[in-house]
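See structure below.
The values are calculated or read from the model by the stated rules, or taken from the named source; none is laboratory data. What you are looking at is a predicted structure, and each value in this text was computed from that prediction instead of being measured. For neighbour counting, all protein chains shown are included, and Cβ atoms are generated from backbone atoms with ideal geometry for every residue, glycine included.
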Amino acid sequence: MIMLPRTAVRNRLLSLLSTQDYTALANDFEAVECPRGFIIAEPDQVVSHVYFCESGLGSVIATSPEGQKVEAGLFGWDGFSPISVLLGSDRAPNLIIMQIGGFCYRIERSRFDAATETSATLRGLLLRYVQTFNVQASFTALSNAVHPVDERLARWLLMCHDRSDSDDLPITHEFLSIMLAVRRPSVTTSLHALEGHGFIRSERGFVTIANRTGLEEFAGDAYGKPEAEYRRLIGPMR
């Protein structure tokens, strides 16, 4: 396939690679549209491809044996998925699904393994991203345990906004209830609360960020530490 030059890609990790490391991956890339609901990896199934998002948002969703679901982390143009492949596993423990459709480059797992085993600099950058994702997941667990739903929703909307080039986020109440592990009426109540403060506008299937600064202040310490770790290890996300 014809690849964009490294300087033209939107994925932050790909844009930071050396020409040699980028070429090692890009020669084996396949460009794919990933609509909402597209499954990147099934839990405990062998991973076939590794994905680098250029647009859209993916969710890593933990599921209990009884079928209870909660989002453990999200990613977009800031990273790649599944990260378990880089850590030596041929499968992902969780469901990984696109929550906002977009465009990705994907590479067969065997070719990804070969490239990362050959280049220490490529592997090093991707491992730094794994660190930032693990910090994000740990703070998701913390936020779910200690923060009110309104603040958790504010945090989650900010994280989505960080990975989008639009203030309009195509997000449904149903998906929000899964992401926050709350009932849909609680999602509706929290959306109305944030809307009442003037932070967002909520319409059927869309949430618009109207006051980013106010939303950050409202989220308080629920938001910021994982983002600071990303800036420290990789650089600005937006």
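Of everything in the range 158-169 that is of a type outside the set (D, E, K, R) and either under 12 Å from A219 (Cβ atoms) or surrounded by fewer than 17 Cβ atoms within 10 Å (Cβ to Cβ) (or both), the residue that is modelled with the lowest pLDDT is S166.
Is it true that some residue in the range 143-161 is more than 16 Å from the chain's Cα centre (by Cα), closer than 28 Å to R232 by Cα and of a type in the set (V, I, T)? Among the residues of the range 143-161, at least one is more than 16 Å from the chain's Cα centre (by Cα), closer than 28 Å to R232 by Cα and of a type in the set (V, I, T), which makes the answer yes. Among the residues of the range 131-157, those that are surrounded by fewer than 20 Cβ atoms within 10 Å (Cβ to Cβ), among the hydrophobic types (A, V, I, L, M, F, W, C) and in contact with a strand residue (DSSP E or B) (Cβ under 9 Å, 6 or more places away or on another chain) comprise A137, A141. Give me the residue from the range 3-31 that is under 20 Å from the mean Cα position of the chain (by Cα), of a type in the set (A, V, I, L, M) and assigned to a helix (DSSP H, G or I) and, out of that set, farthest from L180 (Cα to Cα). Among those that are under 20 Å from the mean Cα position of the chain (by Cα), of a type in the set (A, V, I, L, M) and assigned to a helix (DSSP H, G or I), it is L16.
In the range 222-235, how many are touching a residue at least 40 places away in the same chain (Cβ under 8 Å) and farther than 16 Å from D150 by Cα?
From the range 222-235, those touching a residue at least 40 places away in the same chain (Cβ under 8 Å) are 222-223, 225-227, 229-230, 233-235; that's our starting set.
When the remaining residues are screened for being farther than 16 Å from D150 by Cα, the result is 225-227, 229-230, 233-235.
The total comes to 8.
Applying a threshold of 7 Å to beta carbon distances and a minimum spacing of six or more residues, or different chains, the list of pairs starting in the range 210-221 at a residue that is within 14 Å of L153 (Cβ to Cβ) and ending at one that is modelled with pLDDT under 95 is empty.
Matching residues to (1) touching a helix residue (DSSP H, G or I) at 6+ places or on another chain (Cβ under 9 Å); (2) within 26 Å of Y223 (Cβ to Cβ):
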{"residue": "S59", "(1), (2)": "yes, yes"}
{"residue": "K69", "(1), (2)": "yes, yes"}
{"residue": "A72", "(1), (2)": "yes, yes"}
{"residue": "I96", "(1), (2)": "no, yes"}
{"residue": "A114", "(1), (2)": "yes, no"}
{"residue": "E117", "(1), (2)": "yes, no"}
{"residue": "L122", "(1), (2)": "yes, no"}
{"residue": "V130", "(1), (2)": "yes, yes"}
{"residue": "V135", "(1), (2)": "yes, yes"}
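Of all residues in the range 86-96, none satisfies being out of contact with any Pro (no Cβ under 7 Å at 6 or more places or on another chain) and crowded, with 19+ Cβ neighbours inside 10 Å.
Scan the range 14-35 for residues that are surrounded by 17 or more Cβ atoms within 10 Å (Cβ to Cβ) and free of Cβ contacts under 8 Å to residues at least 60 places away in the same chain and the total you get is 1.
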